[in-house]
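> Below: one structure in structure tokens.
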Amino acid sequence: MALSLSASAPQLARTGSGSSATLRASAGAMGLTSSGSAATLANATTTLYDKMTAEGLFRDYVAPKVRASGRSITVPLADSVERDLQPEVHFALPATPAKERKFRRLSEGPGEITVHHGLKDQKLPGNEFRYGVRGSKGTTVEEAMKAGQLLGVAEYKNSCNEQVYESTRREPLGKPQNRGHTLKMLPEGFGSPSSAPEDGKEVIYHKHLKPDTEENRLMYKKTHNNYAPGERLERNYNWPAEAQDKNFKFGAGLAAAVEGAGARIAFNLDVDEDGNYKRTKLVTKVCEDYRHVQHPKLMKKTHPKQGATGPPMQSDHRYGVKSSISEYTAQSCIKGYYSLEEQLPDMDLGRCTKPGRRNVTIETRAFGTPSIRTDKNAPHPSRRSVADECSYGDEPSAASILCPQRFDSMGIPDREFLIRRSRDDLEELMKNVPLDHVNFDELWEQSLALFDDGLPLVSLDAMLYVHSGKIEHHVAASCKGLHLTVPAS
């Protein structure tokens, strides 16, 4: 239990609440009768050991009548949660003396101006007080400013006398300073005209600028740690000749060292450094038992030092103080203790329970606007606005985005090849195709035979299919890879 100021300064306790049954029991254990005053009961103190013993918070199974050794914490007898949570009320600190209050940093009250402690409590004169010495004759400001003013001949003589000063000639009163420069302004104005314009990039990143020499680079690397990107730190050590060998290793080596023998000796605690087994020593058993208990071996558990079989506790004993105000355990808090009815959602979750506002209908259609507007005519992709967030169901899939169409980069989708066109349109499209030995009339007749509707319309895909078959037939005949029974036309 965390203690406030009451643990360190119980004498500062005030008269407060503390009339519980536990308080009366503790007072009886301390020898205080019920006839004692409330102030005496509130200011009384006890120890934490006696208080927990009187409340029965723990039991001493070993020696219940023997008082425990050591010093217990002093706590007030009228200790309570209210007094611990409000120590500034029940255990208030003494106020700062009035003479020392002005030296504290937080001595200003609400609305008070923060000033130096030396200026506090100072006695200032009244508002009608004026600093300075008052003259006996009472000279006015106007007379003070006109004192020494010269007019007429007197002012002219004074200016002639001051012409000998350099400051008067260079800085005359009411005029700018005369520096003696002879300025000649050209018709174009002051300054030198600019030459041919230069590119700002060439000025910042000059390509004809010579790089620094190796001497300057090494100097900046030493003085400013200006290393090049990826440059390794060189300490310029003067290694001996033995260290230049690629098989050289630091440390003292053995002339007749065996691979793995050193590590084996280091991990084997039963032998000495020379490899011989340790000699048996006869020691006192009490000292040896103390050494095993106080200093356990490596990777061995520490002895509890409470007997050979541990503390005298029963098998079902649990440590800690059982809560007397709550029936819930840590297991119930982790696993939950709500019933099935309490775990079910509320009846008004996702539905309206107000009479007259329920959406009851006998229709089976879906209400609301669909996410994919298949009920509207989708505009052409070339005329669709970029800001149009409506989904018409014709957006390309992930496969079409990862694997675009053959001529998608040229703006020609694959559906253009499946549109059936007339003979004149196809002939005009194939005029610009550089194909040798292509008979358009023959391709038209064979492509038209692929359709059974009798319309004089052929798609470009059908003509490409017929032309691909002719190419395959020609390649197979030239390579003699197939026994063709039908000659190539």
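> Within region 289-335, which residues are more than 45 Å from the chain's Cα centre (by Cα), aliphatic (A, V, I, L, M) and over 16 Å from Tyr61 (Cα atoms)?
Val293, Ala308, listed by residue number.
> Also, I was wondering about something else. Count, please, the residues in region 464-489 that happen to be modelled with pLDDT under 80, open to solvent by less than 80 Å² (accessible area, probe 1.4 Å) and touching a helix residue (DSSP H, G or I) at 6+ places or on another chain (Cβ under 7 Å).
Counting residues in region 464-489 that are modelled with pLDDT under 80, open to solvent by less than 80 Å² (accessible area, probe 1.4 Å) and touching a helix residue (DSSP H, G or I) at 6+ places or on another chain (Cβ under 7 Å) gives 2.
> Only residues that are part of a loop (DSSP other than H, G, I, E, B) and either open to solvent by less than 100 Å² (accessible area, probe 1.4 Å) or farther than 21 Å from Asn178 by Cα (or both): list them for region 146-168, please.
Our first condition is that a residue be part of a loop (DSSP other than H, G, I, E, B); within region 146-168, this holds for 146-152, 165.
Within region 146-168, Lys146, Ala147, Gly148, Gln149, Leu150, Leu151, Gly152 meet the criteria.
> What tally of residues in region 87-106 results from selecting those that are among the aromatic types (Phe, Trp, Tyr) and either open to solvent by 90 Å² or more (accessible area, probe 1.4 Å) or over 43 Å from the mean Cα position of the chain (by Cα) (or both)? Spell out how you get there, then give the answer.
Taking region 87-106 as the starting set, the residues that turn out to be among the aromatic types (Phe, Trp, Tyr) are 91, 103.
Then keep just the ones that are either open to solvent by 90 Å² or more (accessible area, probe 1.4 Å) or over 43 Å from the mean Cα position of the chain (by Cα) (or both); that gives 103.
Residues in region 87-106 being among the aromatic types (Phe, Trp, Tyr) and either open to solvent by 90 Å² or more (accessible area, probe 1.4 Å) or over 43 Å from the mean Cα position of the chain (by Cα) (or both): 1 in total.
> Within region 429-463, how many residues turn out to be within 28 Å of Pro381 (Cβ to Cβ) and at pLDDT 85 or above?
7
> Right, next: Only one of these is of a type outside the set (S, T, N, Q) and in contact with a Cys (Cβ under 8 Å, 6 or more places away or on another chain): Arg279, Arg373. Name it.
Just a single option satisfies the conditions, and that option is Arg373.
> Would you point out the residue of region 400-413, among those that are of a type outside the set (Asp, Glu) and not in a loop (DSSP other than H, G, I, E, B), that is least open to solvent (accessible area, probe 1.4 Å)?
Selected residue: Ser400.
> Also, I was wondering about something else. Any idea which of (1) farther than 30 Å from Thr53 by Cβ; (2) open to solvent by 100 Å² or more (accessible area, probe 1.4 Å) is the one Glu327 doesn't satisfy?
Failing condition for Glu327: (1).
> Suppose we filter Ser391, Ser397, Ser447 for residues that are farther than 30 Å from Asp375 by Cα and either loosely packed, with under 14 Cβ neighbours inside 10 Å or touching a strand residue (DSSP E or B) at 6+ places or on another chain (Cβ under 6 Å) (or both); which single one remains?
Ser447
> Additional query: Name the residues in region 282-317 that are of a type in the set (A, V, I, L, M) and either surrounded by fewer than 10 Cβ atoms within 10 Å (Cβ to Cβ) or part of a loop (DSSP other than H, G, I, E, B) (or both), would you? First the steps, then the outcome.
So in region 282-317, the residues of a type in the set (A, V, I, L, M) come out as 282-283, 286, 293, 298-299, 308, 313.
Passing the criteria: Leu282, Val283, Val286, Leu298, Met299, Ala308, Met313.
> Sticking with this one: Hey, can you tell me all the residues within region 345-388 that are aliphatic (A, V, I, L, M) and surrounded by 11 or more Cβ atoms within 10 Å (Cβ to Cβ)? Full working, then the answer.
From region 345-388, those aliphatic (A, V, I, L, M) are 347, 349, 360, 362, 366, 372, 378, 386-387; that's our starting set.
Those that are aliphatic (A, V, I, L, M) and surrounded by 11 or more Cβ atoms within 10 Å (Cβ to Cβ): Ile372, Ala378.
Residues are listed down the side, and each one gets a yes or a no for (1) modelled with pLDDT under 75; (2) within 30 Å of Pro312 (Cα to Cα); (3) over 50 Å from the mean Cα position of the chain (by Cα); (4) crowded, with 16+ Cβ neighbours inside 10 Å:
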{"residue": "Leu5", "(1), (2), (3), (4)": "yes, no, no, yes"}
{"residue": "Gln11", "(1), (2), (3), (4)": "yes, no, no, no"}
{"residue": "Glu55", "(1), (2), (3), (4)": "no, yes, no, no"}
{"residue": "Ala63", "(1), (2), (3), (4)": "yes, yes, yes, no"}
{"residue": "Ala68", "(1), (2), (3), (4)": "no, yes, yes, no"}
{"residue": "Arg71", "(1), (2), (3), (4)": "no, yes, no, no"}
{"residue": "Pro76", "(1), (2), (3), (4)": "no, no, no, yes"}
{"residue": "Val81", "(1), (2), (3), (4)": "no, no, no, no"}
{"residue": "Leu85", "(1), (2), (3), (4)": "no, no, no, no"}
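> Return only the number of the condition from (1) outside any loop (DSSP other than H, G, I, E, B); (2) at pLDDT below 80; (3) of a type in the set (Gly, Ala, Ser) that Ala243 does not satisfy.
Ala243 satisfies all of (1) outside any loop (DSSP other than H, G, I, E, B); (2) at pLDDT below 80; (3) of a type in the set (Gly, Ala, Ser) except (2).
> Something else about it: Mind telling me which of the residues Lys184, Lys207, Lys120, Lys137 ends up being among the basic types (Lys, Arg), surrounded by 10 or more Cβ atoms within 10 Å (Cβ to Cβ) and without any contact (Cβ under 8 Å) to a residue 24 or more places away in the chain?
On the way: Lys184 fails: surrounded by 10 or more Cβ atoms within 10 Å (Cβ to Cβ); Lys207 fails: surrounded by 10 or more Cβ atoms within 10 Å (Cβ to Cβ); Lys137 fails: surrounded by 10 or more Cβ atoms within 10 Å (Cβ to Cβ).
Lys120 is the lone residue from the list that is among the basic types (Lys, Arg), surrounded by 10 or more Cβ atoms within 10 Å (Cβ to Cβ) and without any contact (Cβ under 8 Å) to a residue 24 or more places away in the chain.
> Quick one: which of Lys175, Lys221 is loosely packed, with under 10 Cβ neighbours inside 10 Å and either within 30 Å of Glu234 (Cα to Cα) or of a type in the set (D, E, K, R) (or both)? Walk me through how you get there before you give the answer.
Numbers: Lys221 fails: loosely packed, with under 10 Cβ neighbours inside 10 Å.
None of the other options fit; the residue is Lys175.
The values are calculated or read from the model by the stated rules, or taken from the named source; none is laboratory data. Keep in mind that what you see is a predicted model, and the values were worked out from it rather than measured. Reconstructed Cβ throughout: ideal geometry from the backbone, glycine too, with neighbour counts over all protein chains shown. Side chains are part of the model used for accessible areas, which takes the heavy atoms of the whole protein and leaves out ligands, DNA and RNA. Shrake-Rupley method; radii C 1.70, N 1.55, O 1.52, S 1.80 Å.
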